[in-house]
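Structure record follows, encoded as structure tokens.
The values are calculated or read from the model by the stated rules, or taken from the named source; none is laboratory data. Remember, it's a predicted structure, so these values are computed and weren't measured experimentally. Reconstructed Cβ throughout: ideal geometry from the backbone, glycine too, with neighbour counts over all protein chains shown. Heavy atoms of the whole protein, side chains included, go into the accessibility calculation; ligands, DNA and RNA do not. Shrake-Rupley method; radii C 1.70, N 1.55, O 1.52, S 1.80 Å.
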Amino acid sequence: MPGSTAPNPLPAGISVTADGSSTALTVAVDHLARLGCEVAADTSGSATEGAGTLVTTSTTGAEPHVLTCAIDWAGPVALPLASEADVQAACGIAHVHGRRYGRPVPLPLDYAGAVTGVLAVTGVLAALHAATLGTRIRGVRTSVAQGALLAVGQYLAAATAADDEHHPGAPTPGAAPPPFTSADGVRFELETLDAEPWLRFWTALGAEPPAIREGWPPFQHRYATAVCPLPAALHRATARSPYHAIRTAAAGTGISVVRVRGAGDTAVLAVPQDPWAVTALPADRDAAPGRAHVVPAPPVPLPLAGLVVVESTTRVQGPLAGHVLALLGARVIRVEPPGGDPMRGTAPTAGDCSARFLALNHGKEVVEADLRTPGGRRTVCELVRDADVFLHNWAPGKAAARGLDAADLARVRPGLVHAWASGWGEALGPTPPIGTEYLVQAGSGVAELTARPGEPPTPFLMTLLDVLGGLVCAEGVLAALLARAATGHGRQVVTSLLSAATVLTAHGRGTTSRRRALPVPCCTDLVEPAADPRFGAALIRRTCVLPDAPWEFTA
């Protein structure tokens, strides 16, 4: 369980002046204020270029440290991008969102801007952390285009893999994606990660066996493809049953079901107030300060160079948090089960590994350990003994059951930052529904934001919250590292897909124009930007094409 929440995770003495009117700047200002910075903002945008500027002054060291963060629209992308709509069109978000409709359709919210606001804060916090180690970084630059490319990074990698066999085509006639509707008009999402509960659930609802078989592959692959053409017979099966009967069938067959909630629905979730909770570690509170892992000053402006992160994660949210820390220069060691993470074999492959897996994990070191055994758990403790951060996205209660929760590992490594990224956090108790993208979109109210005009609330099939969840987890880790540098004591960081949803529910409607400001190309296939030399400085080419780090740091 978390310790007592510090009212301001960041040390005193950090002030920020902000200028601009974009959603990216609004999110960045909000997060810095929530972290305890003193913020003065000019939202008129009259005195700034691009999407906004943050000037941070820290007086926590011997001399004031002034750091400027510039948020561009295009950044290294050589296109005249000047709005959220421009970026969504050119960088592939409209294409991925529109796959379910058969044509590019922009998201009706400022998603690229929200992502970039979190990235801007992450860059600022990383630079401030480098200053505590003796490296003064004077400038950080990021862009909304780079935020968008990072958000579609898995889809970009898959589209450019040599054996892309899951390339989505035109919508299937007669098929329809979730959500489902019950006989009494309740719209809901369902989730299972295994085929047997899928079979049992639909059999209990009286669905036709051919439809059950035909529906499983697109349901299973919807995270990778952003489409889910399910047979109409499955929708007819739910339309014959009232919602209470569907919930009973789900509970009896191991399926998670969550009602899609709109703006007018009564909230039933204890939604977190902030995207992260950064708390003092119980076992570390009374320890003498100064025992945190001492990291040498980075010789180059990669602000986390020398830090060590141990990561035990799977799927998207947790690996992306570790990936962000790696892009900032940290050494990241993944703990995977014997034989490796099963996600390595997920099609399409690039070389001998899943392209989507590479998009989240390339460059990380790997140690295999069976965490069900005492030996595997000892391996984690041995790795943590020399680490700064431990990151996991295990199910609720699993860390404590393994003897690897925050208090356990604080005794192994005083000064450790222990980060947990989950689906629901503690909002639904110790046995919540499966904490995956579409269920949390449904339950958090994000589905209402992503629906097109005239549509009922409809979860979006692109991994919106998985990406934001990974980013806010990394953001919380950096805030915790700064708190540790100031006190010598470790911190626990708790984030979730539900807490990440607050970034969109608070700022997704945004202030940015959704009209195309200038004539820019509209991506209709992610191989297009991958092959376009105007995107070359923002991408890296390995066995597939991946987004490059979304920041530039200058000393």
Checklist entry - Quick check: is even one residue across segment 504-526 closer than 21 Å to Ala158 by Cβ and open to solvent by less than 10 Å² (accessible area, probe 1.4 Å)? => result yes
Checklist entry - Any idea which of (1) among the basic types (Lys, Arg); (2) modelled with pLDDT under 95; (3) closer than 29 Å to Cys544 by Cβ is the one Lys398 doesn't satisfy? => result (3)
Item to check | Out of Ala442, Ala530, Ala486, Ala501, sole residue that is assigned to a helix (DSSP H, G or I) and under 18 Å from Leu125 (Cβ atoms) | outcome: Ala486
Item to check | Residue list for segment 416-445, restricted to those being among the aliphatic types (A, V, I, L, M), under 15 Å from Asp466 (Cα atoms) and open to solvent by less than 10 Å² (accessible area, probe 1.4 Å) | outcome: Ala421, Leu439, Val440, Ala442
Checklist outcome for this item: Just one listed residue, out of Ala94, Ala78, Ala112, Ala85, is in contact with a Lys or Arg (Cβ under 6 Å, 6 or more places away or on another chain), in a helix (DSSP H, G or I) and aliphatic (A, V, I, L, M), and it is Ala85
Item to check | Which listed residue is surrounded by fewer than 18 Cβ atoms within 10 Å (Cβ to Cβ), within 28 Å of Ile434 (Cβ to Cβ) and not hydrophobic (A, V, I, L, M, F, W, C), from Glu368, Glu382 | outcome: Glu368
Checklist entry - If you go through segment 40-76, how many residues are at pLDDT 80 or above, over 20 Å from Ile137 (Cβ atoms) and over 23 Å from the mean Cα position of the chain (by Cα)? => result 1
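Each row is one residue, and each column tells you yes or no for (1) more than 19 Å from the chain's Cα centre (by Cα); (2) at pLDDT 95 or above; (3) part of a strand (DSSP E or B); (4) within 26 Å of Leu156 (Cβ to Cβ).
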{"site": "Leu358", "(1), (2), (3), (4)": "no, yes, no, yes"}
{"site": "Val367", "(1), (2), (3), (4)": "yes, yes, yes, no"}
{"site": "Leu371", "(1), (2), (3), (4)": "yes, yes, no, no"}
{"site": "Gly376", "(1), (2), (3), (4)": "yes, yes, no, no"}
{"site": "Glu382", "(1), (2), (3), (4)": "yes, yes, no, no"}
{"site": "Ala387", "(1), (2), (3), (4)": "yes, yes, no, no"}
{"site": "Leu391", "(1), (2), (3), (4)": "no, yes, yes, yes"}
{"site": "Ala407", "(1), (2), (3), (4)": "yes, no, no, no"}
{"site": "Trp420", "(1), (2), (3), (4)": "no, yes, yes, no"}
Checklist outcome for this item: For segment 190-216 the number of residues that are open to solvent by 60 Å² or more (accessible area, probe 1.4 Å) and assigned to a helix (DSSP H, G or I) is 9
Checklist entry - Residues in segment 163-181: is at least one among the small types (Gly, Ala, Ser) and at pLDDT 95 or above? => result no
Checklist entry - If the Cβ limit is 6 Å and pairs must be 6+ apart or interchain, which residue in segment 108-122 that is closer than 14 Å to Pro550 by Cβ pairs with which residue that is among the aliphatic types (A, V, I, L, M) and open to solvent by 10 Å² or more (accessible area, probe 1.4 Å)? => result none
Checklist entry - Taking segment 319-349 on its own, how many of its residues are more than 27 Å from Val118 (Cβ to Cβ) and of a type in the set (Gly, Ala, Ser)? => result 4
Checklist entry - Does Leu230 qualify as being in contact with a Gly (Cβ under 9 Å, 6 or more places away or on another chain), more than 21 Å from His97 (Cβ to Cβ) and open to solvent by less than 10 Å² (accessible area, probe 1.4 Å)? => result no
Checklist entry - Of the residues that make up segment 105-120, is at least one hydrophobic (A, V, I, L, M, F, W, C), at pLDDT below 95 and over 20 Å from the mean Cα position of the chain (by Cα)? => result yes
Next on the checklist: So, in segment 407-426, exactly how many residues are over 13 Å from Cys381 (Cβ atoms), touching a His at 6+ places or on another chain (Cβ under 7 Å) and not aromatic (Phe, Trp, Tyr)?
Outcome noted: 1
Checklist entry - Residues in segment 35-51: is at least one open to solvent by less than 10 Å² (accessible area, probe 1.4 Å), in contact with a Pro (Cβ under 7 Å, 6 or more places away or on another chain) and closer than 22 Å to Thr132 by Cα? => result yes
Next on the checklist: Filter segment 307-353 down to the residues that are modelled with pLDDT under 95 and buried (at least 23 other Cβ atoms within 10 Å of the Cβ) and list them by number.
Outcome noted: Ala350
Next on the checklist: One residue is enough: does segment 250-273 have a residue meeting the conditions modelled with pLDDT of 95 or more, more than 26 Å from Leu468 (Cβ to Cβ) and surrounded by 19 or more Cβ atoms within 10 Å (Cβ to Cβ)?
Outcome noted: yes
Checklist entry - Would a scan of segment 458-481 turn up a residue that is buried (at least 22 other Cβ atoms within 10 Å of the Cβ), polar (S, T, N, Q) and part of a helix (DSSP H, G or I)? => result no
Checklist entry - Looking at Pro104, is it closer than 24 Å to Gly470 by Cα, in contact (Cβ under 8 Å) with a residue 40 or more places away in the chain and either acidic (Asp, Glu) or open to solvent by 10 Å² or more (accessible area, probe 1.4 Å) (or both)? => result no
